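**Q** There's a structure below that I have some questions on.
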Amino acid sequence: MESTSLVVITEDNRFNRKLTKFQCYLTYFFIFSFVGWLMETIYSYFVLGHFANRGFLFGPVCPIYGFGGLILILFLDKFKNNPVELFFVAIIVFSIFEYAIGYGLDALYNLWLWDYRNEFLNINGRICLFYSLAWGVVAIVFNYLLFPMVKNFLSFISSKIPLKLQVIAINLCSMIFVIDVLYSFIQYSSL
């Protein structure tokens with residue numbers, strides 16, 4: 001597995017310091033959660049004709065995409081040298097993941113954030129053939145294009161920002177995320 005660390009070189013260049021692996025994964029989680037929210041928001045704008053906050057949380061993140069990115073980085077990375085295998089494994093893994101999340105939201109909050117009941121070859125409206133195949137394509141694009149670009153960009157940016165400031169930013173994002181999760185759970189529980 002490739003290194004996910006973001007290296008920071010200090011001013012005096014005596015030693016290299018890095019974010020921990022956990023901090024790197026957290027950074028990737030926040031980035032891909034935001035990118036997912038952005039994709040969903042743009043998509044809904046063109047479909048609905050107006051802004052709609054997509055997702056379970058109130059902030060600009062869709063954690064399902066953050067977790068999806070982490071699944072690709074941590075578990076499906078071993079398939080990246082075989083795009084055909086990656087495509088089919090991603091279809092299976094992400095269909096199960098999407099179904100479980102959809103089932104959980106329905107069971108806990110009677111909430112349907114997506115509904116595939118009118119789609120061809122759907123299972124209980126939670127997954128369908130088209131979007132399952134789309135997850136396979138997303139895995140290919142993610143592994144060969146998106147993740148390497150994000151990783152290189154973050155490595156470049158992290159070399160320009162002091163480690164302490166990076167850690168503060170990660171901690172701040174984490175606190176905001178936890179508050180958003182708690183607030184969202186309370187809001188949906190009271191419905």
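**Q** Need one number: nm distance between label points at Tyr188 and Phe153, each 7 Å from Cα along Cα→Cβ, rounded to one decimal.
**A** 2.8 nm
**Q** Additional query: So, with +1 on the Cβ of K and R and -1 on the Cβ of D and E, and no other charges, what is the size of the charge dipole of the chain about its Cα centre, to the nearest 20 debye?
**A** Around 520 debye, computed over the chain.
**Q** Say each of Asn124 and Tyr99 gets a label point 7 Å from the Cα, pointing the same way as Cα to Cβ; how far apart are those two points in nm?
**A** 0.8 nm
**Q** Ok, one more. What value does the chain have for Rg/Rh, both radii from Cα atoms and Rh as Kirkwood defines it?
**A** Rg/Rh for the chain comes to 1.00.
**Q** As I understand it, the dipole of the chain uses +1 on the Cβ of Lys and Arg and -1 on the Cβ of Asp and Glu, about the Cα centre. Which of Ile101, Asn143, Gly36 lies farthest toward its positive end?
**A** Asn143
**Q** Roughly what angle does helix 83-109 make with the longest principal axis of the chain, taking Cα atoms, 0 to 90 degrees, to the nearest 10?
**A** Helix 83-109 sits roughly 70 degrees off the main axis of the chain.
**Q** I'd like the distance between the alpha-carbon centres of the stretch 83-136 and the stretch 63-80, rounded to an integer number of Å.
**A** Here the two parts' Cα centres lie 16 Å apart.
**Q** What do you get for the angle between helix 163-189 and the principal long axis of the chain? Use alpha-carbon atoms, 0 to 90 degrees, nearest ten.
**A** 20 degrees
Where a number appears in this text, it was derived from the coordinates with a stated rule and is not lab data. As the structure is a prediction and not an experimental result, all values here were calculated from the model. Heads up, the Cβs are rebuilt from the backbone with ideal geometry, glycines too, and the neighbour counts pull from every protein chain shown.
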